[in-house]
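In what follows, a single structure is set out as structure tokens and then discussed.
The values are calculated or read from the model by the stated rules, or taken from the named source; none is laboratory data. Not measured: the values here are computed from a predicted model. FYI the Cβ positions are ideal-geometry reconstructions off the backbone, even for glycines, and counts take in every protein chain you see. Quick note on the areas: whole protein, heavy atoms, side chains included, nothing else; ligands and nucleic acids left out. Shrake-Rupley method; radii C 1.70, N 1.55, O 1.52, S 1.80 Å.
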Amino acid sequence: MARVVGIDLGTTYSCVAIVENGKPQVIPSRHGESTIPSIVAHDNKGNRLVGTAAKRQSVTNPKDTVYGAKRLMGRTYGTSTVDQIKSHFSYNIIEGTGHEAAIEIAGQHYELTDISAQILEEIKNVAQDYLDEKVAQAVISVPAYFNNKQREAVRRAGELAGLQVLRIINEPTAAALAYGFGKKLKEKILIYDLGGGTFDVTVLELFEDVYEVIATGGDGFLGGLDFDEYLSRYIIEEFKKIEGIDLAADKLAVQRVRDAAEKAKRDLSNASETLVALPFITMIDGQAKNLNVKLTRQKFDEITKPLVDRTFEILEQTLGEAKLKSSDINDVVLVGGSTRIPSVRQRVESFFGKPPQKGVHPDEVVALGAAILAHALESGDNPVTLVDVVPASIGVAMAGGRFKKIIEKNTAIPCERTLTLATSRDNQPAMRIRVFQGEDANVMANEMLGEFVFSGLRQGPKGSVKIEIRFKLNNECILDVSARDPDTGAETTRSFNTATAAALETYRADKVVNTPPQTAAAPRPQQPQPVNAGGVGVASR
């Protein structure tokens, strides 16, 4: 009999759990740890390494070691966001299928879904070895703010790894499920989720077996990797002051410093000071140079304060959207390894006037919640009701580059909305519907989800021909959009799904995709065309 698991697919570390005898429990890694590094690499012999094996050689092989790739999922290559990410990683980020960001390892091309699929396949194999049973189904968690493209990319990665993905669940919702499961609580809680690469804050109301999300917010570039980056920069600057040598251009040296910075960050969670000592960090005129930088917790807090401040800006905004004050929150649940940082815990306690909840393990709670939901879906016994919300508004491009919101942020899902659009010129033959997700009034400042063309419009004067656009979101925030002419009954439907059958079959046959599938490339996001361009008009109200 195949088993079902819950998976927390993290930016830096992942975790897998299962329900045994009615209780969720984490499945240990091959090395007896509760988490598995979310890292993929190729060594100098061409062997593929995943997890701990990949992490162990990352210092000596930074160019062919991929970490933090979750930040790139669903991102368009050439955007400022991807350019910013490229400056932080040593591996080569290239343009992939459909203009999305992709990875080059040892001269081979990998889509981001391929990288995540390799991590998920390792997680699946770890679970199968531990259970001595086949694992075929999973619930996989994602950050609450993940948009439609990113969620579909995670679902596709699961399928490529040979898993039937029963549900995509938001990480804070999974954490709340694990925290409150079986307790019959009646309270408002706040999940403060600061992981390796992302930050989420979610406010939920628990009423016995009902878990209702009130508001959610997040930042995809705010997590432990950023704390490591800030600390690395400081160490490199201190070395430059002492030796007059800038290590920033030496990828091997930078990777050694980053590895040491992560260790120093962990040490300073339990000690007031630590020493970063890296012998033979570089060679100058045939002479080896050693790096020795003393770090105190006070200095670490000073360096990383802007990051902690950013989490609280998001937290306060989310509370405002929920129309709540800090005193309205009964319990604060800390999730993610970065919440072990003392300054984070102290700031949370100061803001809410009480210590955060200590009854959950920050590294395991998301996987445990995903496992609880997975078990419920498999068994058909639904002990809880989850009511989630849209993490970011969804809408369409309008004339003049405006963004028209159709489904507002924090709308409860599943949901459905309809918009009526009219032609913008006489005898317009078709209408282009371009769907975006975000909050900015300028459409191009938001994330493009996709587009489709409703063709064969009836002939008629400007504004006389109208179509109804229906937006339908399921309980995983996966979007279907349909356009219908109410007078003729003609209809076009589009599911915004990044997966392709060709890619899926290629991966299952070869296990690793080295070249992109030969599919038609999607157009790059660009400013909406004026209404008289090319016979396809931009919609107007």
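Within segment 470-498, take every residue that is part of a strand (DSSP E or B) and β-branched (Val, Ile, Thr) and give me the one that is modelled with the highest pLDDT. Before you say what the answer is, go through the steps one by one.
Initial filter on segment 470-498 (part of a strand (DSSP E or B)): 470-473, 479-484, 491-495.
Remaining after also requiring β-branched (Val, Ile, Thr): 481, 492-493.
On the way: VAL481: 89, THR492: 80, THR493: 78.
Within segment 470-498, the match that is modelled with the highest pLDDT is VAL481.
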In segment 66-110, which residues are hydroxyl-bearing (Ser, Thr, Tyr), without any contact (Cβ under 8 Å) to a residue 40 or more places away in the chain and in contact with a helix residue (DSSP H, G or I) (Cβ under 7 Å, 6 or more places away or on another chain)?
TYR77, TYR91
Counting only strands (runs of 3 or more DSSP E) wholly inside segment 1-106, the ones holding at least 2 residues that are hydrophobic (A, V, I, L, M, F, W, C) and open to solvent by less than 30 Å² (accessible area, probe 1.4 Å) are 3-8, 13-20, 39-42, 101-105
Taking first residues from segment 158-187 that are on the phi > 0 side of the Ramachandran plot and second residues anywhere that are at pLDDT below 95 and surrounded by fewer than 22 Cβ atoms within 10 Å (Cβ to Cβ), the pairs with Cβ under 6 Å that are 6 or more apart or on different chains are LYS184/GLU208
Determine if segment 392-409 includes at least one residue that is under 30 Å from VAL19 (Cα atoms) and out of contact with any Asp or Glu (no Cβ under 8 Å at 6 or more places or on another chain).
no
Quick check on this structure: which one of LEU319, LEU334 is among the aliphatic types (A, V, I, L, M), touching a helix residue (DSSP H, G or I) at 6+ places or on another chain (Cβ under 8 Å) and in a strand (DSSP E or B)?
LEU334
Of the residues in segment 277-316 that are free of Cβ contacts under 8 Å to residues at least 24 places away in the same chain and among the acidic types (Asp, Glu), the one that is least open to solvent (accessible area, probe 1.4 Å) is ASP309
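Can you name the residue in segment 107-145 that is charged (D, E, K, R) and more than 15 Å from TYR91 (Cβ to Cβ) and, of all such residues, is surrounded by the fewest Cβ atoms within 10 Å (Cβ to Cβ)?
Taking the candidates together, the pick is ASP132.
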Filter segment 338-373 for residues that are among the small types (Gly, Ala, Ser), at pLDDT 95 or above and either crowded, with 18+ Cβ neighbours inside 10 Å or in a loop (DSSP other than H, G, I, E, B) (or both) and give the result.
SER338, SER343, GLY353, ALA367, GLY369, ALA370, ALA371
Scope segment 385-405; condition crowded, with 17+ Cβ neighbours inside 10 Å, of a type in the set (Val, Ile, Thr) and more than 20 Å from the chain's Cα centre (by Cα); matching residues:
VAL396
Where residues in segment 422-459 are modelled with pLDDT under 90 and at positive phi, which of them is most open to solvent (accessible area, probe 1.4 Å)?
GLY456
Residues of segment 317-331 that turn out to be closer than 24 Å to THR11 by Cβ and surrounded by fewer than 20 Cβ atoms within 10 Å (Cβ to Cβ), as a count
1
How many of the residues in segment 133-154 are more than 12 Å from VAL5 (Cβ to Cβ) and either modelled with pLDDT of 95 or more or of a type in the set (Val, Ile, Thr) (or both)?
2
What are the pairs, 6+ residues apart or on separate chains, where a residue within segment 235-248 that is in a helix (DSSP H, G or I) has its Cβ under 7 Å from a residue that is open to solvent by 60 Å² or more (accessible area, probe 1.4 Å)?
ILE236/ALA248; LYS240/ASP246
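Here is a check on your reading of the model: is ARG233 charged (D, E, K, R), open to solvent by 30 Å² or more (accessible area, probe 1.4 Å), within 17 Å of PRO342 (Cβ to Cβ) and within 26 Å of the chain's Cα centre (by Cα)? I'd like the intermediate steps shown before the answer.
Numbers: charged (D, E, K, R): yes; open to solvent by 30 Å² or more (accessible area, probe 1.4 Å): yes; within 17 Å of PRO342 (Cβ to Cβ): no; within 26 Å of the chain's Cα centre (by Cα): yes.
Spelling it out, it is not the case that ARG233 is charged (D, E, K, R), open to solvent by 30 Å² or more (accessible area, probe 1.4 Å), within 17 Å of PRO342 (Cβ to Cβ) and within 26 Å of the chain's Cα centre (by Cα).
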Report whether or not SER269 is assigned to a loop (DSSP other than H, G, I, E, B), in contact with a Lys or Arg (Cβ under 9 Å, 6 or more places away or on another chain) and open to solvent by less than 40 Å² (accessible area, probe 1.4 Å).
yes
